[in-house]
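The structure appears right after this line, and notes come after that.
The values are calculated or read from the model by the stated rules, or taken from the named source; none is laboratory data. All values reported here derive from a predicted model rather than from experimental measurement. Backbone-built Cβ (ideal geometry, glycine too); neighbour counts: all protein chains shown. Accessible surface areas use protein heavy atoms only, side chains included; no ligands, DNA or RNA. Shrake-Rupley method; radii C 1.70, N 1.55, O 1.52, S 1.80 Å.
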Amino acid sequence: MIQIPYYPGCTLKNKASNFETSALAAARALGLELVELPRWNCCGAVFSLSSDDLMRHIAPTNIFLRVQEMNRDHLVEDEYRLVTFCSMCFNVLRRTNQRLRESLEDRNKINDFSYLETETYQGRVEIVHLLELLRSMGWDKIQERVHKPLTGLKVAPYYGCMLLRPKDVGIDDPERPTIQEELLRSLGAEPVDFPLKLRCCGSYQTVPDKDLVANLAYDILSRAQKAGAEAITTSCPLCAFNLDFRQKEIQEKYPMFLPIPVFYFSQLMAIAFGLPQEVFGLAGHYANPRTLLATKGYLQATSPLEGGEG
Amino acid sequence: MGYPEYMNESLQMVEASRPRRVELSKQGLQNILKPLSAEGRHKVLSENHPDYQPDARKSIRVGINRGESMTGQVVDVLESYSRLPQGFRLEPLDYETDVLVIGGGGAGCMAANWARRGGAKVIISTKLRLGDANSMMSQGGMQAAINPHDSPLFHYLDAMGGGHFDNKPELMQVLTSEAPYIAKHLEELGVMWDRTPDGNLSTQAGGGGSRRRMLSARDYTGAEIMRVLRDEVRNFPEDILLLEYFPAVELLKDREGKVAGAVLFNMETGEYAVIKSKVVILTTGGFGRLHIKDFPTTNHYGATMDGVVMAYRAGAQLLHMDSVQFHPTGAIYPPQIFGFLITEKIRGMGGQPLNAKGELFVFPLEPRDVEASEYIQECKKGMGVPTPDGKVGVWLDSPIVEILHGQGIIERAFPAMFRQYRRFDIDIRKQPMLVYPTLHYQNGGVETDPNTHTNLPGLLVAGEVSGGVHGRNRLMGNSVLDYNVFGRRAGIEAARMAKETSSPQGLNLEHVASFESELKEAGVTRDRFAPVLLPEYRNISALEKHRQDFDPFLPAGL
Amino acid sequence: MNEPEKMDLITIYILSRQYHVPAGSTILTALEYAGFKLKKGVGCREGFCGACASLYRLQGDYKLHGGLGCATVVQPEMQIVQLPYTPAPKAIYHLEELEPVPEVFTHLYPELYRCLSCNTCTKICPQDLQVMDYIQAAVRGDLEQAADLSFDCIQCGLCSARCPAEITQFNVALLARRLVGRYLAKKGKYVEDRIKEVEASKFTAGYQELQDLSPEDLKKRYFERELNNLIF
C-alpha cells in the first residue's frame, strides 16, 4: 500500500460523505492508502482566495503544515503530495499553494503570524486531485482492477469550473478536457461528449436563487440527455447538489424532463471494481440511480423507491 | 518556579517510598492503615481541629439563638448593624415579582429554573455575576448511589456518621433518595458526566464513604454543572430577570410579618433597589472569605455569610453555626495558590497524604474533619514540610495516581489541577503537591425542612446557606447534591406558594429596628456593619495614610 | 491581609499608571495592593470562573497576551488591563427542541462559519485550549470533538474579544457540550434502574429502620459497616 496524505474538506464529512466512502474504497482497491490529516481545518472555500485579504490564506497554509507534521510524525514516509477529491477544496488549496510558492513576502508574513506552529511553510507540499493521481498511475492499471465493466453505460462527464480554471492550476485542458472520459473508458463505460460540460452549474447561487440554478441545470442535463447520456459524473459536491437535487425544481418547471442520476466518478469506480455495495454510497442521491444500475445489471434489482427520492 | 532546593531531600524520600506504597494501595489500604474508631476520631478532633480550641467559639448575645455557642467570627458578624442608612425609605418600589432568589449560584439557578417551570415570575439578585459562587469551583464530584451494589441507605448512613449524627434525618433521607434523579436530570440538561465504557456514570471513592459513588466531570464537576444551570436560566429572559452586581443587604417583611422582599445595593454606584416578592429564596452560599481563625479559603470572593446575617436579623433559626469545615487538602505552595482547593478525588483515586519522610500516616479517606485534624497533628509533631514563607504542610502524592491508573489519567481526570500547577512549573504527574487544611464549608446555617421552609413564613433556603442537611461535617460530594436537590425543591415550593399568595402589603424594616435595639442593649457599638459583602484585601495602611474613616463602598472608592 | 514591611517591590502599569507592587503578586493581588477594591473582574480567585480575564504586554514584546488575574504573576514593566466582560450573543434555545446536528449552529450561531482558522483565539486563551480546533470541529459538525476540546473552557471571553470573525467561541462550545451531554453520550442503565427503585419505595422501610435505631445503635451500625470501594 502506498500511503499519501489526504485532505477531506468539510462537505465530504457531511452531505457528500458518499463521495468520500466510494473514493477511499476505490483508491484502496488500487493500492493507495489515503491517510487523513490528523488535525485539519476548513480550507475556507472560495472566500479564501480574496487576494486583498492575506489572512484568509492562513487556513490553507495550516493544512500544508499538517502534511509536514504527518511526515515528521512518520504517519507517512517522505510523502508531500496531498490528495483531495472535492473540486472546491482542490481549487483553493492549489491556488493558495501557488501564491505562496510565488511570493516570498506573503509566505514570510503568514509564517510570522502563525507563531504557534512548530514549523514554517516554504512551499513543499504538492496538491493532487484524485483524478490526476489516477492518470499518473496509468489508465491500464485502472482497467486491470475492473471486475464488472460498465459496458453499455452511457455517461456524460461534467467538469464545472473548479477543476479546470484558472488554467495554471487546472488538472486538464480548460477547453477540451478528457481526463474523466479516459477514466470512464478504463471502467468500460461509454463517455458521452456534450457542449455544456464546462458550463458553470450556478454554484452558491443555489441558495438565494434556486430558479437560476434550476435553469442552468436543466440546460446542462437536457443537453447531455440529447447527446445520449444515461448518467452524469462530477467531482464536486456543490455541482452534484445543483445537478441532482435541483431536478426537483426542474421537474416542476419542465414536466417533460426525465430524471437522470448524477454520480461522483468514484462511485462508478467502486461499482466497476466490484467492491461491496455499501461503499457505493447510493443513499445520498435525489434522482434515483438504482433503477439504471439494476437495469444494466450492475446491481441487484431492488424496489425503485430505494436509494433516491426522485 | 518549581519546588525550592531544600525540599529535594524530602521529595526523594517520597519517591523512594512510592513503589511500596503502590503495592499497599493495590492490596486495599483500609487493611493496613485502618480508619479511626469513634474514640480515635474524637481524640484527634478535640486535640487538633480548630473548632475544638478553647477560643474557637463564643456565645451570641442577640437574636433567636441567643445564648448559644457559635464560631467566634460568625458571632462578630451576626452581632452587627444594618448597612442601610438611617431613615432609609422603602418607597418607591423598584421591582415586584412572584419569587425573589437571592444568590446566583447552583442552588439559586436550580431554584429559579424550577420556580419558572411552576409558572412563577422570578428575579435573581447576585452580588457578582450569575454563576460566581462556590458551586462553580467544586472539583471532584457529586454523590449518588447509582451502582448496583450501592444503595441510598448506605449513602444515608455514611453521611449521618460523617455529620456526627447531628444531621436532620428527614433532610438526609431526601438528599440521598433524590440523588439518582438529580444525576439523570442534570444529564438531560446536557451535563457531560464522566462515563465508563458501557455508558454508566463513572464513580470514585470519597472520604467517609462505604461505596464508590462520586459522579464527576473531570475535575471541573462544579463548573460543568454551573455552566449548564446558568445557561438554562439565560434561556428564559422573559420569565427570569437577572440583577447582577446587585447584592441584597436586608430582607423585608410585610405587615403580617412574612418575609416579602429585599433591599439591593450596587457596590459601584451606591444605588439601592427595593424588591417586593411573594416568596424569597435565600441561596447565598458560604462564609470562607471571613477567614475564620485566619485560615486561607477555597471559597469565591463573595462568600461572606450575607444570607445568614440577613435571615438572622429577620428572626430565622440557625443550626450548627459552631461548626466549620476545613478541607484537608488546600494548596500551600507556591504562595500564589495558597488555600486553593485540591480535590478529594485525588485521594479517591489513590492519592496518598505523606509526611516529610514520605511515610503514610493516616487513612486517606477519613471524613474531612478527621482527615484535616490528622494533618494538623502531623505538622504539630514536626513531621511536616516547611515552605519558604513560613507555612508548613504535608505532601499529597499524586504521581501514584498515574501509576495506579495508567499514564495519561492525571491529564484526563484532573485537568484543572494539572493546569494550576503547570503554571508554576510543577508537574503533578511526577511530583507531589504540598497541602494543609483550608477553610472550606459552612456546615450549618439557616435551619430548614424537607420542603426548604425556615421558621420564617415566606422565606425558603437552599444550598450551603441552609443548616441541618449535613450535621456538623459534610461529606465530599454532598454539597453539589444538596444545592441541586434543595434548590429544585425550593423552586417548586416557591412557585406553589406564590400561586396561593397575594401581593404583600406594608413592606417594612421593623425586624431590623428591633434587632438593632437588642444590639444596643447588649452593648454592641454602632461600628460594625453587615452583610460584609466583600473581604478587605487592599493595602489599607497606605490608603489611610492621610485620613481615617475609610468607607470601601463609597462610589469610586473616594 | 497585612504585608511585611520589607519586601521586594517591582514596577507595573495598571491602565497606564505606574505602581510598585510586591514581586510574586498575581494581577489581582497587585491591583489590591495598589489600592483597588475589586467589585468586578474578580470571582472565584482560583481559575474556575473566568471573571478575571486580563490583557497584558511585557517589556520589549509586541505581543498582546491574555491571562487570568488570579493566576498570572506580574513581571517588572508589565502593562495590565482587566476585561471583566465581553459583550457576547447568547442564543436562546430549548435543548429538548434541538437535535444534535451541525445545523444547530447555522441557526443559532451563523457567524461561526466566518472562521478564518487564524488561531488568534488559541493564542489568547488563558486555559491553553485548542480553541481554533474546537471551532473547526463545530464548523464540520463534529459535536463530540468540539465538546471534548472545549471542556475546560471557563468562558472568560478573551477569545471572542479578539476574534477577527467576531465569533463567540465559548457559547458555541457550550451549546456543543450540552447537546453531547444530553443526546450523544452513551447511556448505561444503572441510573434509571435506581430511580425506578426509589419511585417504587424500595428503600422506605430501610430509612425508617435506620431512623428508629437508638443513637448508640446507629453509631454502632455506622462504625461496623462494610467499607468496599472496589465493587460497583
Step by step: first the residues of the stretch B:505-558, then only those that are at pLDDT below 75 and closer than 17 Å to residue B:83 by Cβ, then the one that is least open to solvent (accessible area, probe 1.4 Å). Which residue is that? B:553
Kindly state which helices (runs of 4 or more DSSP H) lie completely within the stretch A:102-160 and contain at least 3 residues that are in contact with a strand residue (DSSP E or B) (Cβ under 9 Å, 6 or more places away or on another chain). A:130-137
Using the structure shown, decide if residue C:90 is outside any strand (DSSP E or B), under 22 Å from the mean Cα position of the chain (by Cα), surrounded by fewer than 17 Cβ atoms within 10 Å (Cβ to Cβ) and assigned by TED's automatic domain parsing to the domain that holds residue C:147. yes
The strands (runs of 3 or more DSSP E) lying wholly within the stretch B:225-307 that contain at least 2 residues that are among the hydroxyl-bearing types (Ser, Thr, Tyr) are B:272-282
Does residue B:267 qualify as being open to solvent by less than 10 Å² (accessible area, probe 1.4 Å), within 11 Å of chain C (Cβ to nearest Cβ), hydrophobic (A, V, I, L, M, F, W, C) and over 28 Å from residue B:425 (Cα atoms)? yes
Select from the stretch C:69-91 the residues that are without any contact (Cβ under 8 Å) to a residue 60 or more places away in the chain and among the polar types (S, T, N, Q) and list them in ascending order. C:72, C:82
Exactly one of these conditions fails for residue B:354: (1) crowded, with 24+ Cβ neighbours inside 10 Å; (2) over 22 Å from the mean Cα position of the chain (by Cα); (3) aliphatic (A, V, I, L, M); (4) within 13 Å of chain C (Cβ to nearest Cβ). Give me its number. (4)
Of the candidates B:35, B:54, B:19, the one satisfying the condition of being under 32 Å from the mean Cα position of the chain (by Cα) and either in a helix (DSSP H, G or I) or surrounded by 13 or more Cβ atoms within 10 Å (Cβ to Cβ) (or both) is B:35
If I ask for residues that are in contact with an Asp or Glu (Cβ under 8 Å, 6 or more places away or on another chain), assigned to a strand (DSSP E or B) and open to solvent by 30 Å² or more (accessible area, probe 1.4 Å), which ones from the stretch A:1-33 would you list? A:2, A:3
Take residue A:250 and tell me if it is in a helix (DSSP H, G or I), closer than 26 Å to residue A:30 by Cβ and not polar (S, T, N, Q). no
So which of C:29, C:11 is assigned to a helix (DSSP H, G or I) and either acidic (Asp, Glu) or at pLDDT 95 or above (or both)? C:29
Out of the residues in the stretch C:69-86 that are open to solvent by 50 Å² or more (accessible area, probe 1.4 Å) and among the polar types (S, T, N, Q), which is farthest from the other protein chains (Cβ to nearest Cβ)? C:79
Just for strands (runs of 3 or more DSSP E) wholly inside the stretch B:399-489: which have at least 3 residues that are within 14 Å of another protein chain (Cβ to nearest Cβ)? B:433-442
Residues in the stretch B:139-155: is at least one at pLDDT 95 or above, of a type in the set (Gly, Ala, Ser) and over 23 Å from the mean Cα position of the chain (by Cα)? yes
Filter result for residue B:133 (farther than 26 Å from residue B:280 by Cα and buried (at least 24 other Cβ atoms within 10 Å of the Cβ)): no
Filtered residues of the stretch B:231-253 (kept if within 21 Å of the chain's Cα centre (by Cα) and facing chain C (nearest Cβ under 9 Å)): B:245
Condition set within 19 Å of residue A:24 (Cα to Cα) and open to solvent by 10 Å² or more (accessible area, probe 1.4 Å), scope the stretch A:61-88, selection nearest to the chain's Cα centre (by Cα): answer is A:88
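Listed here are the residues, each with its yes/no results for (1) crowded, with 23+ Cβ neighbours inside 10 Å; (2) touching a helix residue (DSSP H, G or I) at 6+ places or on another chain (Cβ under 8 Å); (3) at the interface with another protein chain (Cβ under 9 Å from one of its Cβ atoms).
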residue: C:122; (1), (2), (3): no, yes, yes
residue: C:136; (1), (2), (3): yes, no, yes
residue: C:140; (1), (2), (3): no, yes, yes
residue: C:146; (1), (2), (3): yes, yes, no
residue: C:152; (1), (2), (3): no, yes, yes
residue: C:155; (1), (2), (3): yes, yes, yes
Among the numbered conditions (1) closer than 26 Å to residue B:164 by Cα; (2) modelled with pLDDT of 95 or more, tell me where residue B:62 comes up short. (1)
Selected residue (only one of B:153, B:171, B:175 is part of a helix (DSSP H, G or I), more than 8 Å from chain C (Cβ to nearest Cβ) and closer than 26 Å to residue B:42 by Cα): B:171
Looking for something over 29 Å from residue A:221 (Cα atoms), among the polar types (S, T, N, Q) and surrounded by fewer than 18 Cβ atoms within 10 Å (Cβ to Cβ) - is there at least one such residue anywhere in the stretch A:132-152? yes
Checked C:66, C:41, C:50 against criteria (at the interface with another protein chain (Cβ under 10 Å from one of its Cβ atoms), touching a Pro at 6+ places or on another chain (Cβ under 8 Å) and in contact (Cβ under 8 Å) with a residue 40 or more places away in the chain); the one match is C:41
Select from the stretch B:270-309 the residues that are charged (D, E, K, R) and either open to solvent by less than 20 Å² (accessible area, probe 1.4 Å) or without any contact (Cβ under 8 Å) to a residue 40 or more places away in the chain (or both) and list them in ascending order. B:271, B:294, B:306
Exactly one condition in (1) open to solvent by less than 10 Å² (accessible area, probe 1.4 Å); (2) at pLDDT 95 or above is false for residue A:36; which is it? (1)
For residue B:420, the lone unmet condition from (1) modelled with pLDDT of 95 or more; (2) within 20 Å of the chain's Cα centre (by Cα); (3) surrounded by 23 or more Cβ atoms within 10 Å (Cβ to Cβ) is (2)
Here's a check for you: in the stretch B:183-195, which residue that is surrounded by fewer than 24 Cβ atoms within 10 Å (Cβ to Cβ) and closer than 23 Å to residue C:202 by Cα is nearest to the other protein chains (Cβ to nearest Cβ)? B:184
Could you check the stretch C:93-211 for helices (runs of 4 or more DSSP H) lying wholly inside it with 1 or more residues that are over 20 Å from the mean Cα position of the chain (by Cα) and in contact (Cβ under 8 Å) with a residue 24 or more places away in the chain? C:103-108, C:131-140
So residue A:207 passes all but one of these: (1) open to solvent by less than 10 Å² (accessible area, probe 1.4 Å); (2) over 20 Å from the mean Cα position of the chain (by Cα). Which condition number does it fail? (1)
